[in-house]
Amino acid sequence: MIDLHSHVLPYIDDGAKDEIMSLEMLLSAKQQGVDIIAATPHCIAKNPESVDSFLEKRRDCFEKLSAVISNRNDLPEIVLGAEVYLYKDISDFPNLSSLCYQNTNYILLELSDSGNAAEVTEWIYNISIKGLRPVIAHVDRYPDYKDVMEELSHLDVIFQVNAARFLSMSDRRLLRSIFKRHNKFVVSTDMHNVTTRICNMQPAYKIALKKFTPMCPCLFNDGAQAILASKDFPL
């Protein structure tokens, strides 16, 4: 499996506090069958210079973690990315593409609370015409997901849902409603720690095999594989 949304890098956001927690998170992911994990720390960029500052900090944090795990072969492969907070001017940044998943043109976007669905759609459209391919983080968390997904229906976007949503009946009902509105989805953990916001890919996968059988390969592997290869999303 591939996890495209996690906060495993230490010292950079509200995810792993240090290298020890990062290691515990990575071990948990590997034990659950995750072979590749994207480190996607929060990025709130107000200008191009703050993008450069974020990239420098991410590099430093990744180097600290790499020094601890470099000799281990029992962990997932880490690819770098960012969970980019969306607001109206970000498409104008000349270095925005540096926040895409490593060696791809796919970018993980966290939707802004400051704009309505129509405004958000315009901001995402402005990013897409720059040649970037938006992945909308945890669409299952937005109360107005129906409006957002309807507005984005004409754009080439992918929606990420959190693995935890598969674990309860009420959340599975929510997923069914979401899945009816689009055809491009991936499942990720949005893991922040090992206690409250954990890796739950394996239990989610087992339930999805029974409840969402036809979608399962794309949800947990094939879709993410296409993203990391910068290929078109499988339908």
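The values are calculated or read from the model by the stated rules, or taken from the named source; none is laboratory data. Treat the numbers as computed from the prediction; the structure is a model and nothing was measured. A quick note on method: Cβ atoms are made from the backbone with ideal geometry, for glycine too, and the neighbour counts reach across all protein chains shown. Remember, those area values only see protein heavy atoms, side chains included, never the ligands or the DNA or RNA. Shrake-Rupley method; radii C 1.70, N 1.55, O 1.52, S 1.80 Å.
The accessible-area ordering, largest first, of the residues Met169, Met215 stands as Met169, Met215, per a 1.4 angstrom probe.
Of the whole protein surface, Ser50 contributes about 30 Å² of accessible area at a 1.4 Å probe radius. Legend: translational diffusion of region 53-133 by Stokes-Einstein, Rh = Kirkwood radius over C-alpha pairs, 10 °C, 1.306 mPa s; D = 111 µm²/s. Taken as entire DSSP H runs, the helices of the chain that both span 24 Å or more between Cα atoms along their own long axis and average -0.5 or more on the Kyte-Doolittle scale are 48-69. Over region 44-143, Cα pairs under 8 Å with separation of 6+ residues give a relative contact order of 26 percent. Here the spin labels are modelled as points 7 Å beyond Cα on the Cα-Cβ line, and at Tyr125 and Asp92 they lie 1.8 nm apart.
Under the criterion of Cα pairs below 8 Å and six or more residues apart, the relative contact order for the chain equals 22 percent. Farthest towards the positive end of the charge dipole of the chain, among the residues Pro10, Ala38, Ala164, is the Cα of Ala164, using unit charges on the Cβ of Lys, Arg, Asp and Glu.
Relative contact order of region 110-163, taken over Cα pairs closer than 8 Å and 6 or more residues apart, is 41 percent. In terms of the Cα gyration tensor, with a ≥ b ≥ c the square roots of its eigenvalues, is region 34-181 rounded because a/c is under 1.5, prolate because a/b exceeds b/c, or oblate? Oblate is the answer for region 34-181, as a/c is 1.5 or above yet b/c matches or exceeds a/b.
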